Amino acid sequence: MSDSAVDPDEVEHIADLARVELGDEERERFAEQFGEILAAFEALDEVPETESEPELTNVMRADEVRESLDQAEALRNAEETEDGRFKGPRVS
């Protein structure tokens, strides 16, 4: 057995939860691999923090009320209409 942070019993427990059968060699190998993965994440703790970028601000223009099409103009080019609305193909 190695100095891995994950032991084969933990691997077996996870495999049971996932309903995966593992042999003894596979449990040992996965325990080492999981340990390596955890060590890689621990290495991230050593990365120095940097200043974050300033918070974003809204650069969108303000809404302006403008004239728009009336109902008849909006429906003028529609292939089909019904009761003053656009009519589309049946979906179900």
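The values are calculated or read from the model by the stated rules, or taken from the named source; none is laboratory data. All values derive from a computational prediction rather than experimental measurement. Here the Cβ is made from the backbone with ideal geometry for all residues, glycine too, and neighbour counts use every protein chain on show.
Taking the stretch 53-92 as the range and being part of a loop (DSSP other than H, G, I, E, B) and either touching a strand residue (DSSP E or B) at 6+ places or on another chain (Cβ under 6 Å) or β-branched (Val, Ile, Thr) (or both) as the test, the residues that pass are Thr57, Val59, Val65, Ala78, Lys87, Val91. Could you tell me how many of the residues in the stretch 10-24 are touching a helix residue (DSSP H, G or I) at 6+ places or on another chain (Cβ under 9 Å), more than 17 Å from Ile37 (Cα to Cα) and free of Cβ contacts under 8 Å to residues at least 12 places away in the same chain? Total satisfying the criteria: 3. Ala39 falls short on exactly one of the conditions (1) under 30 Å from Val6 (Cβ atoms); (2) loosely packed, with under 10 Cβ neighbours inside 10 Å, and that condition is (2). Tell me yes or no: at least one residue of the stretch 75-83 is farther than 30 Å from Val6 by Cβ and at pLDDT below 85. Looking through the stretch 75-83, none of the residues is farther than 30 Å from Val6 by Cβ and at pLDDT below 85.
For the stretch 48-74, a residue qualifies if it is at pLDDT below 85 and under 30 Å from Ala5 (Cβ atoms), and the qualifying residues are Glu49, Thr50.
Suppose we keep only residues that are under 30 Å from Val11 (Cβ atoms) and acidic (Asp, Glu) within the stretch 37-69. Which one would you say is farthest from the chain's Cα centre (by Cα)? Selected residue: Glu46.
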